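Just so it is clear, none of the values below were taken in a lab; they were calculated from the coordinates. These numbers were taken from a predicted model, which means no experiment stands behind them. Positions of Cβ are generated from backbone atoms using ideal geometry, with glycine treated the same way; all protein chains shown enter the neighbour counts.
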């Protein structure tokens, strides 16, 4: 773990939907990671590094550009195996990321073989290296964060589907929010230690919330009512295969844990709908079905809103009218006292 402090996730301005998606995958890594789409300069790596601080190990590993398969999975020394009768393993990036965050920038530019390997290990939590009849396996449980700029190339649909959640960032940020972003970045660059100390209370509260949600997660049932609603909506969206249903159900349960609740309700299902469907949907939702934005509340009693200065439901279909009385406000993330 580096001694250089990371920009605190709690101090990031806006991007509430992405912060929520990242926290959900930290609560339940089996969701399958997050694919972030958006232009350069949207603080994608800052958010990913901030997520690492919420995990027990705090480990943050970046896949180097031009990495080979051996660099990714590790290597076996056959000479040592033959002479000493044991497999001598040299760990790769996957081993180093165990327990933390594996960040893959421009994942759409990687060879499909490497993307397949990444997604296989992220889903199983185990890396197996085999060579000439000798094999070695080790734990590789990490939160996979991939980023891509769609203008530079797309991922094949088969690979897109294997990322658990998908969030798209908008390049348009309101002037007031832009100024706040720049001011905090300058303060951090000027004195990272002092800046992190000023945000320590909010960051610790966020970390504790994730830890409590992880502890609560196994007690929340994957109930039939939630599953029936999700499978019906996946069918209406025309998704291929069953991964969307599974990811959506797990993400809804993680959201319930995030709220501190004991069961999955409609709020949880709606909060993660776009995360699970955005990169898988083939049919548009019915005209009378409003798309509920993800919830970023700080307490179970607070409710979401769908407008955040252009930072709202990224990648979703156009907003639809909501009857008076159903509009709900989104509380902001922790602010510096």
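I need the Kirkwood Rh of the range 9-171: take the reciprocal of the average 1/r across all distinct C-alpha pairs and report it in angstrom. Write out the running numbers ahead of the final one.
Numbers: mean 1/r = 0.0610 Å⁻¹.
With all distinct Cα pairs of the range 9-171 included, I get 16.4 Å.
For residue 116 and residue 235 in the same chain, what is the full-extension length gain: residue separation times 0.36 nm, less their Cα-Cα distance, in nm? Intermediate values should be presented prior to the final figure.
Working: separation 119, 0.36 × 119 = 42.84 nm, distance 2.60 nm.
Gain on stretching residue 116 to residue 235: 40.2 nm.
Available extension along the chain between residue 158 and residue 71 is 28.9 nm, counting 0.36 nm per residue and deducting the alpha carbon span.
Between residue 265 and residue 88, full extension at 0.36 nm per residue minus the direct alpha carbon distance yields a gain of 58.8 nm.
Of the peptides 18-24, 156-162, 181-187, 98-104, the order by per-residue mean of other Cβ atoms within 10 Å, starting with the highest, comes out as 18-24, 98-104, 156-162, 181-187.
The range 160-216 and the range 59-77 have Cα centres lying 27 Å from one another. Modelled label positions at residue 193 and residue 126, each set 7 Å beyond Cα in the direction of Cβ, lie 4.5 nm from each other.
Under the classification rounded if a/c is under 1.5, otherwise prolate if a/b is larger than b/c and oblate if not, where does the range 154-264 fall, given a ≥ b ≥ c as square roots of the Cα gyration tensor eigenvalues? Numbers along the way, then the final one.
On the way: a/c = 2.96, a/b = 1.55, b/c = 1.91.
Oblate, because a/c is 1.5 or more while a/b does not exceed b/c.
Beta-bridge orientation, the range 9-171: approximately 40 percent antiparallel, per DSSP, counting only bridges with both partners inside. Protection proxy ranking, highest mean first, for peptides 270-281, 142-153, 64-75: 270-281, 142-153, 64-75, where packing is the per-residue count of other beta-carbon atoms within 10 Å, averaged.
Cβ-Cβ distance of residue 141 and residue 106, R₀ of 30 Å, FRET efficiency by 1/(1 + (r/R0)^6): the value works out to about 0.80.
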